[in-house]
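Data block below; observations after.
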Amino acid sequence: MSFGSQFFICTAKAEWLDGKHVVFGQIVEGMDVVKAVEKVGSSFGRTSKPVVVADCGQLS
């Protein structure tokens, strides 16, 4: 159980998450940033370098 928040940025199908998580959003601009984050990702869920999401706005 997690009392924090977490999110996934999926760049490919992730069928093992079906029925387990709420899906929302899409990339409208900044796909280059997503690709840069993807490059430091791993198959076990941790990044090889710290990734910070800052000044991201607010859902409305």
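Values quoted throughout were computed directly from the atomic coordinates according to the rules given, and no laboratory measurement underlies them. All values derive from a computational prediction rather than experimental measurement. Ideal geometry is used to build each Cβ from the backbone, glycine not excepted, and the neighbour counts take in all protein chains shown.
A helix-only calculation puts the chain at -4000 deg cm²/dmol for mean residue ellipticity at 222 nm, using -39500 (n - 2.57) for each DSSP H run of at least four residues, averaged over all residues. State whether the chain is rounded, prolate or oblate according to the following rule on the C-alpha gyration tensor (a ≥ b ≥ c being the square roots of its eigenvalues): a/c under 1.5 gives rounded; otherwise a/b larger than b/c gives prolate, and the remaining case gives oblate. Note, shape of the chain comes out rounded. What you get for the chain, charging only the Cβ of Lys and Arg (+1) and of Asp and Glu (-1), is a dipole of about 240 debye around the Cα centre.
The stretch between Met31 and Ala54 holds 6.7 nm of extra length on full extension. This uses 0.36 nm per residue minus the Cα-Cα distance. Ignoring lysines fewer than eight residues from Lys35 along the same chain, the ones with Cα atoms less than 22 angstrom from its Cα are Lys13, Lys49. Extending 7 Å from the Cα toward the beta-carbon at both Ser5 and Glu38 defines two label points whose distance is 2.4 nm.
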